[in-house]
Every structure is written in C-alpha cells, then in structure tokens.
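Asks: Quick one: structure below, then a few questions.
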Amino acid sequence: MSGGVDSSVAAALLVEELGRDRVVGATLKLWGGSSDSGCCSVADVEDARRVADQLGVVHHVFNFTAEFEARVVNPYVEGHAIGRTPNPCIECNRYLKFDRLFDRARSLGFDAVATGHHARRTTTEDGRHQLIRGADPLKDQSYVLAMLGQEQLARSQFPVGRMTKAEVRQEAARLGLRTALKPDSQDVCFIRSDEGRGGFLGDRLPLHDGRLIDDATGEDLGPVPAVELVTVGQRRGMGHGSDGRRRYVTEVDVPARRVRIGTPEAANALGVELHTVTWVDDDRTQLSEAPECSAIAQCSAHGRPVACTVRRNQTGRLSVTFASAQRRIAPGQTVALYDPANPDAVIGSGIAA
Amino acid sequence: MRAYLDHAATTPMRPEAVEAMLPFLRGEGISGNASGSHRESRRARLAVDDAREQIAGLLGADLGEVVFTGSGTEADNLAITGALRAVPVSAGGRAGPIVCTAMEHHAVLNTCRAAAGPGSHGLREVGADRSGMVDLDGMAEACTPDVRLVSVMAVNNEIGTVQPLHDVSRLVRTLSPDAVLHTDAVQAAPWLEMPPITAVVDLLSVSAHKFGGPQGVGALVVRNGVPIEAVIHGGGQERERRSGTHNVAGIVAMAAALSATVAERTDTVTRVTGLRDRLVDRLLASVAGTAETGDRSAKVPGHAHLRFDGVESEAMVVLLDDAGVAASAGAACSSGAVEPSHVLLAMGFGKEAAGSGIRFSLGTTSTDADVDHALDVVPAVVARLRN
C-alpha cells in the first residue's frame, strides 16, 4: 500500500473477497532520503495506515531501504555514469516488490501479494499464468511488470487491473477512502521535483562536459554539458541542423565525453539487442522450438507497440528486429514483448544493450 | 494469551497513578489552572507543588530543581538546547564541542546533532564496547577542556546496561571542567536508586510513563547553579524555564507512580530479575544460534536483548505479535519502519546483527505466565523464520 488510490482500492477489494482476517496491509519504506512527499514519505504511510484502519486490517511498514539503495538507486546512478538509463521502477518491481516483499510475506505466512498495479493475471486451464494489460489502456502498467515469471505470478494478484482508473476512483469514493482524490504519483519516487534528475545525479556522481558530434559528418558542433544526463533518442537541447530539421541524440559515449546527434532518421534503428531476458512462461516461448518468432515490442511505459521479430543470438541475448524503424532505444531501457496472437498478453522482457 | 514484554517502550499505568489523576480529570473542585489566583487555581498549584516536592525527594533533588515537561524527549531537548543557549559563545567566536555516546536515545542524539550544526558546536560521539558500556578511553579522549556539554545516558534503552556515570562524571569534572553534564535517566528511574545518580550530574531527564505514570509527562532536574535557558517560551511557568499550562493530573500521577515504584523497588527488582533470567537462560538453551547482547550482570532487571542468527527482527516482531507476544525490534522511525539498531552498531556489531536483535522488556506487571508464553512461542517463531 503506497498510500495511493490504486493500492487502497486493491486492499478494499481483497478485504471484500477474503475477509479482514486474511489480509494485512504493508507499506514499504524504500527511500531514506528526502522526497516530494517528505522524509520517509510519512504522509503516504499515514494515508496507507488510515485506509488499512478503515478497512479493519492490520498494517505494517517494512524497512527495505538498504536493498532499495543497493538494487535500485545505486545501479541507477552507476548506469548513468556509463551512459545507461535504467528504469528504476522495473528494478524495484524485480528486486523489491516481487522478491524481497514476497520473501517477507511468505515468512509471515501469506500465500500471495496483491498490488495496485493496472495489469491482469489470468490462469489457463492447465495452470499456466498469463500477464495481461490492465483494462484501462491509458493506465496499463504491464510494461513495468513484464519481467515477472510464473513463480512470481502464481503469488501475485492485481485486483484493480480489471478496472479503469475512473472506476477505481469511483470505488474509492463509494467506500469513502481518504485517498479517493489523491493525484497519481509521477516520475521517479526518490527524485524530488525541485532537484530533478540532474540535481539528484549531480549530487552522486561527477558530471562531465562533452562535445556534440554530427553523426553524418563527424564534425564537432560544440560543447554539451553533463554527458551523463544525455539520453539516446533525446531531442531537447539538441537544436536544429543546417537543413532546418530537429536533431536527436544517436549515441552517447560517456568515457569519450562524446554525444553524437543526427536527423530523425539517423536517430532511428531497425532493431535492438536485449540482455537480462525474462519470459512470463519459459516453457511456452515459441523460441524454445523455432529459431525466431514474431512479437510486439513496447519500449517505454506508454510507448506505442510495434511489430517485431525476435531471435536468440549466439551470446544468449535476444535480437529484436522491428517491422519499421523506431527511435533508438537507450541502453538500459526495458523492452516488453507481447504476443501477436493476443496483443494484451506479455510474453517477456529484456534490457537494451 | 498475550504477554506484554515491551515495558521499556511504555508501561501500563499503576493503579495508584490512575487513582491520583482521576479527581483532576473529573474536575472535582480542583480543575483550575495552576497559574491562576482563585481557589481552583490554588488547589491545582498546591497539587503541582506537592508532586514536585515528592518527586524531588525521590530523585535526590531540591524542590526548585525539578522542571516539569511534556515528555522525556522534551526534558532532553531542554537540557541540551537550554544549557548550550545559557552559556554564551566565547569571545573567540567558536562554540565548544558537545560530547555524547553513540548509543544515546534519539531524543539526545538528534538534539545534539541539531545543536552541532555548521558554524556551531561540533559533536563527538563516543562508541561503546561489546558488553554495552560506553568506551571510557574514548570518553577521556573526547573530553577536552573546551567541551561545553556532555550527555551520557544512565541506562541504555535497548540493551539495558547501566552506564558508569560516576566514572564519567569524575572524568568530565577533571578533563572538561566547564562542561555541563546531562544524563538521560529515563530507563534508570524504574529500576535504580536515583539520588546517587542525581548527585553526580548537572541535568537529569525522566519520563513518567516508563514507571507506571501517564504518557505526556516528564521532568528535568536542573541542579542549583546550572544555568539554563527556556526552549519553550510563553507564560513563564516553571520559573521561566518551561512555559505552558501545567498538566496537573499528569504531574500528580507521575508523583504517585514514582512513589509506588520506589516503595516497591526492592521486591520488584528481585522478582523481575528472576523472571528475566529465566526467560533469557531458557531461550539461550532452547534456541540454537541465539546470543545475548551486552553484559547481563550490568543490566537493569527488566531488560533482555537477544540476537537470533539469520532472523530479521522486523519480521520477527510481526510473528511474535501474531502469536501473542509484544516485543520490540529497536527504534522505529516516524513512518513506523524499523531502523537497524544504532545502539548495536555503536557497540561494533555489523548491520546484519544489528537487524536481528529483539528486546524483551519486563516490568512490574510481568508474570511467570508471560515468561512461559514467550518461552512457548519464541522457538517456533525463530524456526519458522529460519526455514
């Protein structure tokens, strides 16, 4: 229970279904530093606790700050230092919510963990679990859960995944939950809006000025501040070329302090290579029998799905070839893969090399 | 069956204390503001003065040395912030450093850290050894002649070890003659004879709810001649040292609780020591991979602190609670999350050990049945968490 409306309603639905005695609320203390909602996010924890009180269930706060720092924050900072842009929400789901919290829940005697994510879990007749997009296309969060596998899905529940956000808020209002009108959270939870990504990273790693290089001609176009903060595909601050068209980042080389920029076409690519590959259902991947398969790729939380072909290469990585050229995927970003036969069903994920 | 083994966090109120405060809550002719001048006020003031005299006597202080506060934490804040404010920064400009132990309660630690901010007093945090005692060599090193304030707790709140305050006092008086010596005696008052402690310090904090009084009342003993500035300003109550309308019912109940605590102390100490020793000895014998934190012979009777290898105390307190045992996993932050014990870290334990400690704390209402219940429950909980 983050103290937001989705997990509040998720808890309420669970209590309705299972009864008070079989549900406890848990809030994770993840970040020890300052955040937009105050130190230790006390206000959010209070909202979560008061909702739990109202539902008549016990509420615990678990302190996972050490793991969060080791698994999410430090890799985020270290990634930027070498020109990668990891998605901290995905790493938090991978290592904290669907691993550390699962272990804690199991040791306390619980069978499953429910979250307020907008996604659905379905189970086939032969007991295989599927991860399906949330019913509200604008709020779908299957992308940030795409790294879940059978073992985790077996113990996961997403009670609000079948509802639209409007329905979630209606339900919260109907139940009189204090979080009914609370705004959705935005951005990265450990970065304050007043400091931004640059301020946060600037406090934690040395930022270096670099040079802008024309992707086509190799010409030095001038200085660029803080190459660590520049992302592949970025348009902002890159200006226009002599042809009057916008320029995009095509490559960031942090060690060489070089940022290459080019035309929109130059910033596109036909494919991407993925490491840290996961499958929702290992046994059901078409790749287990065929050398390649078709899929649908989604390259950001609310990115447009695009048809692709997926092939396992010699290094064990996945080569994804898009049906048409796409804006380059920044190294470190997650690509979620969906099933062409059932475009709402996640089949797996990987991280762009 | 529930066994409440968290008396170091707060104690159930003693019946004497409840009885003492009820007439004031009901307003039976004595509901006045102790600062007024009519009959109702005079009665309230009389009650406060009687309570002050009684508490002063039990603590080994003079009547005028007792300042009532809203909590033990407030008493610590008044002691540290108030004493530092009362001594002007020397003409040279630089304020002298503060010394405290690294295992102080956060009421002291965070107040010292706040006072030691940039351009102000520096703070020297002195560590502890594995037995749970302040490092006296480190203390001697920290106590330079320019030190303004030293704060050393009388009894550690997590481990229960009684600190060598007499040695600390001698050391401070010799090496830092200008320093004010404060002790947080919140965990000492339920168990130890207080006058000998009061005798060797300048400032001493106590809290009513640790010895059967109500929550929301504390006191700071300010020895005569020790300058202190108010931290809370207003109507000038408590001889201008702490403003705010007196909590008459709470103050009266605090006196009743302390009085009963002192009267029964010998019996309580014997009985609770027996209960605590049985609990700890049996757990050490029956649960493999269990270690006791600190030197038991140096602890107050109510405290037991155990570390269970491979167990996360944050999960353990939840399962203990489910099984009917109320215990503590160390300090909680404002969000309610359990922090790794800074006390164990100060004693030189690693993070894992500091996150595997459980405090069972007993008090006057603890019984054999409580201990039996804990002995029934703890081994199974540990086994389950290790599984």
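Asks: Does the stretch A:29-41 contain at least one residue that is within 28 Å of A:VAL227 (Cα to Cα) and either modelled with pLDDT of 95 or more or among the polar types (S, T, N, Q) (or both)? Working first, answer last.
Replies: Residues of the stretch A:29-41 within 28 Å of A:VAL227 (Cα to Cα): A:31-36.
Filter once more, keeping what is either modelled with pLDDT of 95 or more or among the polar types (S, T, N, Q) (or both): A:34-35.
Yes, the stretch A:29-41 contains at least one residue that is within 28 Å of A:VAL227 (Cα to Cα) and either modelled with pLDDT of 95 or more or among the polar types (S, T, N, Q) (or both).
Asks: Could you list, ordered by first residue, the pairs with Cβ atoms under 8 Å in which the first is in the stretch A:113-142 and more than 11 Å from A:SER156 (Cα to Cα) and of a type in the set (Val, Ile, Thr) and the second is crowded, with 23+ Cβ neighbours inside 10 Å and at pLDDT 95 or above, at least 6 apart or interchain?
Replies: A:ILE132/A:ALA119; A:ILE132/A:SER142; A:ILE132/A:GLY161; A:ILE132/A:VAL346
Asks: Ok, one more. Pick from B:GLY212, B:GLY244, B:GLY225, B:GLY216: which is on the phi > 0 side of the Ramachandran plot and free of Cβ contacts under 8 Å to residues at least 40 places away in the same chain? Please lay out each step first, then the result.
Replies: On the way: B:GLY212 fails: free of Cβ contacts under 8 Å to residues at least 40 places away in the same chain; B:GLY244 fails: free of Cβ contacts under 8 Å to residues at least 40 places away in the same chain; B:GLY216 fails: free of Cβ contacts under 8 Å to residues at least 40 places away in the same chain.
After ruling out the rest, the residue left standing is B:GLY225.
Asks: Residues B:GLY236, B:GLY250, B:GLY244: which one is at pLDDT below 95 and either surrounded by 13 or more Cβ atoms within 10 Å (Cβ to Cβ) or farther than 22 Å from B:PHE308 by Cα (or both)? Break it down stepwise before answering.
Replies: Values: B:GLY250 fails: at pLDDT below 95; B:GLY244 fails: at pLDDT below 95.
Answer to the check: B:GLY236.
Asks: Oh, and also: Just one of B:LEU175, B:LEU136 is touching a Pro at 6+ places or on another chain (Cβ under 8 Å), at pLDDT 95 or above and surrounded by fewer than 17 Cβ atoms within 10 Å (Cβ to Cβ); which is it? Don't jump to the end; show me each part of the working.
Replies: On the way: B:LEU175 fails: surrounded by fewer than 17 Cβ atoms within 10 Å (Cβ to Cβ).
Among B:LEU175, B:LEU136, only B:LEU136 is touching a Pro at 6+ places or on another chain (Cβ under 8 Å), at pLDDT 95 or above and surrounded by fewer than 17 Cβ atoms within 10 Å (Cβ to Cβ).
Asks: Sticking with this one: Helices (runs of 4 or more DSSP H) wholly in the stretch B:274-387 with at least 3 residues that are surrounded by 15 or more Cβ atoms within 10 Å (Cβ to Cβ), within 13 Å of chain A (Cβ to nearest Cβ) and in contact (Cβ under 8 Å) with a residue 12 or more places away in the chain - which ones?
Replies: On the way: elements: B:313-322, B:342-346, B:351-354, B:368-386.
Answer list for the stretch B:274-387: B:313-322, B:368-386.
Asks: To continue, here is another question. As an exercise: evaluate B:VAL99 against (1) part of a loop (DSSP other than H, G, I, E, B); (2) at pLDDT 95 or above; (3) farther than 19 Å from B:THR198 by Cβ and give the number of the one condition it does not meet.
Replies: (1)
Asks: Scan the stretch A:217-232 residue by residue and report those that are surrounded by fewer than 20 Cβ atoms within 10 Å (Cβ to Cβ) and in contact with a strand residue (DSSP E or B) (Cβ under 6 Å, 6 or more places away or on another chain).
Replies: Result: A:ASP220, A:LEU221, A:GLY222.
Asks: For B:ARG124, indicate whether it is surrounded by fewer than 24 Cβ atoms within 10 Å (Cβ to Cβ), modelled with pLDDT of 95 or more, in contact with a helix residue (DSSP H, G or I) (Cβ under 6 Å, 6 or more places away or on another chain) and of a type outside the set (A, V, I, L, M, F, W, C). Quick ask: steps written out before the conclusion?
Replies: Details: surrounded by fewer than 24 Cβ atoms within 10 Å (Cβ to Cβ): yes; modelled with pLDDT of 95 or more: yes; in contact with a helix residue (DSSP H, G or I) (Cβ under 6 Å, 6 or more places away or on another chain): yes; of a type outside the set (A, V, I, L, M, F, W, C): yes.
Yes, satisfied.
Asks: Still on this structure: Please work out which residue is nearest to B:SER313 (Cα to Cα), limiting yourself to the stretch B:357-371 and to residues that are in contact with a Leu (Cβ under 9 Å, 6 or more places away or on another chain) and among the polar types (S, T, N, Q).
Replies: Taking the candidates together, the pick is B:SER361.
Asks: Looking only at the stretch A:39-70, count how many residues are on the phi < 0 side of the Ramachandran plot and either among the acidic types (Asp, Glu) or at the interface with chain B (Cβ under 9 Å from one of its Cβ atoms) (or both).
Replies: Step one: filter the stretch A:39-70 for residues on the phi < 0 side of the Ramachandran plot, giving A:39, A:42-55, A:57-70.
Cutting the leftovers down to either among the acidic types (Asp, Glu) or at the interface with chain B (Cβ under 9 Å from one of its Cβ atoms) (or both) gives us A:39, A:42, A:44-47, A:49, A:53, A:58-67, A:69.
Residues in the stretch A:39-70 being on the phi < 0 side of the Ramachandran plot and either among the acidic types (Asp, Glu) or at the interface with chain B (Cβ under 9 Å from one of its Cβ atoms) (or both): 19 in total.
Asks: Given the criteria surrounded by 24 or more Cβ atoms within 10 Å (Cβ to Cβ), touching a residue at least 12 places away in the same chain (Cβ under 8 Å) and touching a Ser or Thr at 6+ places or on another chain (Cβ under 7 Å), does B:VAL206 qualify?
Replies: Values: surrounded by 24 or more Cβ atoms within 10 Å (Cβ to Cβ): yes; touching a residue at least 12 places away in the same chain (Cβ under 8 Å): yes; touching a Ser or Thr at 6+ places or on another chain (Cβ under 7 Å): no.
When the stated conditions are applied, B:VAL206 does not pass them.
Asks: Anything in the stretch A:56-75 that is without any contact (Cβ under 8 Å) to a residue 24 or more places away in the chain and not aliphatic (A, V, I, L, M)? List them, or say none.
Replies: Looking only at the stretch A:56-75, we keep the residues that are without any contact (Cβ under 8 Å) to a residue 24 or more places away in the chain, and these are A:66, A:70, A:74-75.
Hits for the stretch A:56-75 are A:ASN74, A:PRO75.
Asks: Keeping to the stretch A:170-179, report how many residues are farther than 29 Å from A:VAL72 by Cβ and assigned to a loop (DSSP other than H, G, I, E, B). First the steps, then the outcome.
Replies: Initial filter on the stretch A:170-179 (farther than 29 Å from A:VAL72 by Cβ): A:170-171, A:173-176.
Remaining after also requiring assigned to a loop (DSSP other than H, G, I, E, B): A:176.
So the count comes out to 1.
Asks: Still on this structure: Could you please let me know if A:ASP209 is surrounded by fewer than 19 Cβ atoms within 10 Å (Cβ to Cβ), within 30 Å of A:VAL9 (Cβ to Cβ) and among the charged types (D, E, K, R)? It would help to see each step written out before you state the result.
Replies: Numbers: surrounded by fewer than 19 Cβ atoms within 10 Å (Cβ to Cβ): yes; within 30 Å of A:VAL9 (Cβ to Cβ): no; among the charged types (D, E, K, R): yes.
So A:ASP209 fails the test.
Asks: Has the stretch A:3-20 got any residue that is of a type in the set (Asp, Glu) and either within 17 Å of A:LEU177 (Cα to Cα) or within 13 Å of another protein chain (Cβ to nearest Cβ) (or both)?
Replies: Yes, some residue in the stretch A:3-20 is of a type in the set (Asp, Glu) and either within 17 Å of A:LEU177 (Cα to Cα) or within 13 Å of another protein chain (Cβ to nearest Cβ) (or both).
Asks: Name every residue in the stretch A:239-286 that is part of a loop (DSSP other than H, G, I, E, B) and touching a Phe, Trp or Tyr at 6+ places or on another chain (Cβ under 9 Å), in order of residue number. Explain how you work it out, then say what you get.
Replies: First pass over the stretch A:239-286, keeping only residues part of a loop (DSSP other than H, G, I, E, B): A:239, A:241-245, A:247, A:254-257, A:263-267, A:280-281, A:285.
Of everything in the stretch A:239-286, those that are part of a loop (DSSP other than H, G, I, E, B) and touching a Phe, Trp or Tyr at 6+ places or on another chain (Cβ under 9 Å) turn out to be A:THR263, A:PRO264, A:ALA266, A:ALA267, A:THR285.
Asks: Please go through the stretch B:209-233 and pick out each residue that is of a type in the set (Gly, Ala, Ser) and surrounded by fewer than 24 Cβ atoms within 10 Å (Cβ to Cβ).
Replies: Here is the first cut: in the stretch B:209-233, the residues of a type in the set (Gly, Ala, Ser) are B:212-213, B:216, B:218-219, B:225, B:230.
Once the filter is applied, which keeps residues that are of a type in the set (Gly, Ala, Ser) and surrounded by fewer than 24 Cβ atoms within 10 Å (Cβ to Cβ), the stretch B:209-233 yields B:GLY216, B:GLY225, B:ALA230.
Asks: Also, I was wondering about something else. Here's a check for you: in the stretch A:4-25, which residue that is aliphatic (A, V, I, L, M) and under 21 Å from the mean Cα position of the chain (by Cα) is surrounded by the fewest Cβ atoms within 10 Å (Cβ to Cβ)? Walk me through how you get there before you give the answer.
Replies: Initially, the stretch A:4-25 is screened for residues aliphatic (A, V, I, L, M), giving A:5, A:9-15, A:18, A:23-24.
Checking the rest, the ones that are also under 21 Å from the mean Cα position of the chain (by Cα) come to A:5, A:10.
Details: A:VAL5: 26, A:ALA10: 24.
Going through the qualifying residues, I end up with A:ALA10.
Asks: Is it the case that A:THR27 is outside any helix (DSSP H, G or I), under 22 Å from B:MET316 (Cβ atoms) and among the hydroxyl-bearing types (Ser, Thr, Tyr)? It would help to see each step written out before you state the result.
Replies: Values: outside any helix (DSSP H, G or I): yes; under 22 Å from B:MET316 (Cβ atoms): yes; among the hydroxyl-bearing types (Ser, Thr, Tyr): yes.
Yes.
The values are calculated or read from the model by the stated rules, or taken from the named source; none is laboratory data. All figures in this text were calculated on a predicted structure; none of them were measured in a lab. No Cβ is skipped: glycine too gets one built from the backbone with ideal geometry, and neighbour counts run over all protein chains shown.
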